[in-house]
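Undergrad: I'd like to ask you about the structure that follows.
The values are calculated or read from the model by the stated rules, or taken from the named source; none is laboratory data. Please read these numbers as outputs of a predicted model, since none were measured by experiment. Methodologically, a virtual Cβ is constructed for each residue, glycine included, from the backbone with ideal geometry; neighbour enumeration extends over all protein chains shown.
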Amino acid sequence: MTPSEIVPSPTAEDVPDWSTASLDETLEKLATSMEGLDPEDVRQRLEKYGPNALKEVKVSSIKQFLSFFWGPIPWMIEVAAVLSALVKHWPDLVIILLLLLFNAAVGFWQEHQAANALAALKKQLALKARVKRNGQWDEINAADLVPGDIIRLRLGDIIPADAKLAEGDYLSIDQSALTGESLPVNKKPGEVAYSGSVAKQGEMVAVVTATGGETFFGKTAELVSEAKSVSHFQKAVLHIGDYLIYLSLGLAVALLLVQLFRGASLLTLVQFTLILVVAAIPVAMPAVLSVTMAIGSRALARMKAIVTRLESIEEMAGMDILCSDKTGTLTQNKLRLGDVVLFDAGQAQDVILAAALASKAEDRDAIDLAVLGGLEDRQRLDDYRQKRFVPFDPVGKRTESWIEGSQGNAFRVTKGAPQVVMGMCQITAEDKMRAQKAVDDLAAKGYRTLGVARTEDGETWAFMGILPLFDPPREDSAETIKNAKRMVSALKW
């Protein structure tokens, strides 16, 4: 296949609507097949589209270094240098130039070090993708994906590129980072999965439709990068510089008027102005600020924190409210079962068994794994066969299984949001109040709860009980919160 035969780089006018295109149309437009691309196709498309990564605007080292000579305080130092040259104070000129170069060198070096630390961390965090090429599955760096590649998406994967879902039952995707939706979205064959979203359940094969900056995520990131803002640190430095410039100019004008009235020579006026300007310049401030923030940047880098700009450290230090993710940050991200609240079931293990039958171990869902882990005897599951399974969805808020026992008896079990499961069951008002109180009490203690029910005839559901689930806090969470409060108290003082 020649480069001219490859699908052309899309423009705003000719980008197909992949969400409405059929799979056959998608494969045809992308000039690919479900067996994947061959190495020559991949090479040509990489040349045409570039790597599957967001474009980084790299500033040359020379331009970056020269930027440290631009700004209110550098201007004042440069004015002092010019005045020193005019009055031929060569020692002063040398000292001022050395200070100017020292400030620029320190700032440039520290930002260069921060950029190197960021690059190293990005390398460690490089994503992998399972791709089918020439009919063979392989794992490659996500940056090497091209439009037309066939990829496999499954639980826990970060979607590496925009892709048209092709084969599989369903894929539950958390795309809250892109759309703000609070719950995962169930995707079926024919729908589009966006780069940057996370697969929460299921497994599907998909066709890559866009990579890099052409993805939904890439276009969003481009809009964000165009939004320029000035940090509090930069504003403070600019205000200080402006204040000193205005003060120096005012004093210089007053001095010139007085000396001119006295009949002083031009050389004397320039000398007095030089003394005034040099005295007003905080020559060490840029270097001190850069070094201080660079030390903080290195400390954060050792803790695997990505610092893209030194100014961001000051921004973070000045925060008023800290919002932290709970799961995996303050907790261990390991759901466990608490004490079962019984209703129509005789024993706690009966409720857990019913919930386990309404689960699917191969989906590796955190809740399902916690339920299965609560079974004292996993071999009890061997006595049953799961004939059909309906996964959780944010609308129905429950899972359901059609089960056949070893004796040939058939029944259905379900687990999900307690209020939904109770609504399906024949439950007395007293039990309903007791169940609601149990849910509220457990929620107050940080537990999430599942209702479990069973039916023999498919119509009359029995409410078996409530399963409490909790995610234990990390061992260092208490100390982390304590340190945060201590730092806030120190800032107030």
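Undergrad: If only one of GLY446, GLY451, GLY408 is touching a strand residue (DSSP E or B) at 6+ places or on another chain (Cβ under 7 Å) and at positive phi, which one is it? Even if it seems obvious, please write down each step before you answer.
TA: Details: GLY451 fails: at positive phi; GLY408 fails: touching a strand residue (DSSP E or B) at 6+ places or on another chain (Cβ under 7 Å).
Of GLY446, GLY451, GLY408, the one residue that is touching a strand residue (DSSP E or B) at 6+ places or on another chain (Cβ under 7 Å) and at positive phi is GLY446.
Undergrad: I've got another one for you. Just need a number here: residues in segment 403-427 that are in contact (Cβ under 8 Å) with a residue 40 or more places away in the chain and either crowded, with 19+ Cβ neighbours inside 10 Å or not assigned by TED's automatic domain parsing to the domain that holds ASP441 (or both).
TA: Of the residues in segment 403-427, 9 are in contact (Cβ under 8 Å) with a residue 40 or more places away in the chain and either crowded, with 19+ Cβ neighbours inside 10 Å or not assigned by TED's automatic domain parsing to the domain that holds ASP441 (or both).
Undergrad: Just to be sure, is ASP377 of a type in the set (Asp, Glu) and touching a residue at least 40 places away in the same chain (Cβ under 8 Å)?
TA: Taking the combined requirement at face value, the residue does not satisfy it.
Undergrad: Further question on the same structure: Please state which of the following conditions GLN379 fails to meet, knowing it meets all the rest: (1) more than 22 Å from GLU456 (Cβ to Cβ); (2) surrounded by 15 or more Cβ atoms within 10 Å (Cβ to Cβ).
TA: Against the list (1) more than 22 Å from GLU456 (Cβ to Cβ); (2) surrounded by 15 or more Cβ atoms within 10 Å (Cβ to Cβ), GLN379 comes up short only on (2).
Undergrad: For GLY451, are the conditions met, namely being under 13 Å from ALA358 (Cβ atoms) and part of a loop (DSSP other than H, G, I, E, B)?
TA: Here the answer is no, as GLY451 does not meet what is asked.
Undergrad: Which condition breaks for PHE392 when tested against (1) within 21 Å of GLY465 (Cα to Cα); (2) modelled with pLDDT under 85; (3) part of a helix (DSSP H, G or I)?
TA: Of everything listed in (1) within 21 Å of GLY465 (Cα to Cα); (2) modelled with pLDDT under 85; (3) part of a helix (DSSP H, G or I), PHE392 misses just condition (3).
Undergrad: Of all residues in segment 221-249, how many are out of contact with any Pro (no Cβ under 7 Å at 6 or more places or on another chain) and modelled with pLDDT of 70 or more?
TA: Going residue by residue through segment 221-249, those that are out of contact with any Pro (no Cβ under 7 Å at 6 or more places or on another chain) are 221-237, 239-240, 243-244, 246-249.
Those left that are additionally modelled with pLDDT of 70 or more: 235-237, 239-240, 243-244, 246-249.
Of the residues in segment 221-249, 11 are out of contact with any Pro (no Cβ under 7 Å at 6 or more places or on another chain) and modelled with pLDDT of 70 or more.
Undergrad: Any chance segment 359-368 includes a residue that's at pLDDT 75 or above, within 20 Å of the chain's Cα centre (by Cα) and either on the phi < 0 side of the Ramachandran plot or of a type outside the set (Ser, Thr, Tyr) (or both)?
TA: No, that holds for no residue.
Undergrad: While we're looking at this one, here's another question. Of all helices (runs of 4 or more DSSP H) completely enclosed by segment 250-328, which ones contain at least 1 residues that are modelled with pLDDT under 70 and touching a Gly at 6+ places or on another chain (Cβ under 7 Å)? Before the answer, list the steps.
TA: Numbers: elements: 266-280, 285-302, 311-317.
Hits in segment 250-328: 285-302.
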